[in-house]
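The values are calculated or read from the model by the stated rules, or taken from the named source; none is laboratory data. None of the values given here were measured: they were computed from a predicted structure. Cβ sites come from the backbone with ideal geometry, for glycine too, and all protein chains shown count toward neighbours.
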Amino acid sequence: IQIKSISPAPLPGLFEVVANNSVIYTDSQAKFLFQGSIVDLKTGNNLTEIREEELNRIKFSDLPIQDSIKVVRGDGSRKLAVFTDPNCGYCKNLEKTFVNMDNVTIYNFLIPILSADSSAKAKAIWCAQDPTKTWINWMVNNQSPPSNKSDCINPLDKNLALAKKLGINGTPAMFFVDGHRIPGAASKDAIEKKLAELSKKP
């Protein structure tokens, strides 16, 4: 466990410990460890959840989008970034959700973490003549990428290093332009709701 910081928690007598972008708690003597959420009963806010969301936010503009597979639907005005594995079933479900969305740009950062075959597929997709088309064909239509296309220069190692830096240890992991992260395959309604919120911001 990598401990990043220790600071007073919202509850007197407890201290917040940030480890691997997650929040746990300890007492002043560090004798006991508490895992769980602190909820403000007056407001109903889950203070632990709010804090973890802050910790997991990123600066979207810092993402090296040149290392992603870009998929544009409609005018592409709404933007998302997804860290994804070609052998991830939840990622495939998410990609099928994107098919039914309009006016969105998705930056797919391939991180082959599930199996050795994930790396082979990711390389074949990235090295294909049309990576975007090959990606969609595989994720949505289950059409295998050309196996003879895997020896080009690719960003997979850089993507894996970036994922580690951002504390991503599972796929899919989705980011919005405000830096907000949603782990797992969110529903279309949840994604559209967040995108609508962002479109209202000045």
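Determine, yes or no, whether VAL82 is in contact (Cβ under 8 Å) with a residue 12 or more places away in the chain, touching a Phe, Trp or Tyr at 6+ places or on another chain (Cβ under 9 Å), hydrophobic (A, V, I, L, M, F, W, C) and over 16 Å from ALA163 (Cβ atoms). Criteria not met by VAL82. Before we move on, is ASN87 modelled with pLDDT of 95 or more, in a loop (DSSP other than H, G, I, E, B), of a type in the set (S, T, N, Q) and within 21 Å of the chain's Cα centre (by Cα)? Judged against the criteria, ASN87 is a match. Scanning segment 93-111 for residues that are outside any strand (DSSP E or B) and in contact with a Ser or Thr (Cβ under 9 Å, 6 or more places away or on another chain) yields LEU94, GLU95, THR97, ASN103, ILE111. Assessment of segment 157-175 against the conditions (on the phi > 0 side of the Ramachandran plot, crowded, with 16+ Cβ neighbours inside 10 Å and out of contact with any Pro (no Cβ under 9 Å at 6 or more places or on another chain)) yields at least one matching residue. Check segment 46-61 and report whether any residue there is touching a Leu at 6+ places or on another chain (Cβ under 9 Å), at pLDDT below 95 and in a helix (DSSP H, G or I). Scanning segment 46-61 turns up at least one residue that is touching a Leu at 6+ places or on another chain (Cβ under 9 Å), at pLDDT below 95 and in a helix (DSSP H, G or I). Once segment 14-32 is narrowed to residues that are over 28 Å from the mean Cα position of the chain (by Cα) and of a type in the set (A, V, I, L, M), the residue that is surrounded by the fewest Cβ atoms within 10 Å (Cβ to Cβ) is ALA30. Considering segment 179-202, and only residues there that are outside any helix (DSSP H, G or I) and of a type outside the set (A, V, I, L, M, F, W, C), the residue that is surrounded by the most Cβ atoms within 10 Å (Cβ to Cβ) turns out to be ARG181. Taking each residue of segment 113-127 that is closer than 16 Å to MET139 by Cβ and looking for partners that are β-branched (Val, Ile, Thr) with beta-carbon atoms closer than 6 Å, six or more apart or interchain, yields ILE125/THR134.
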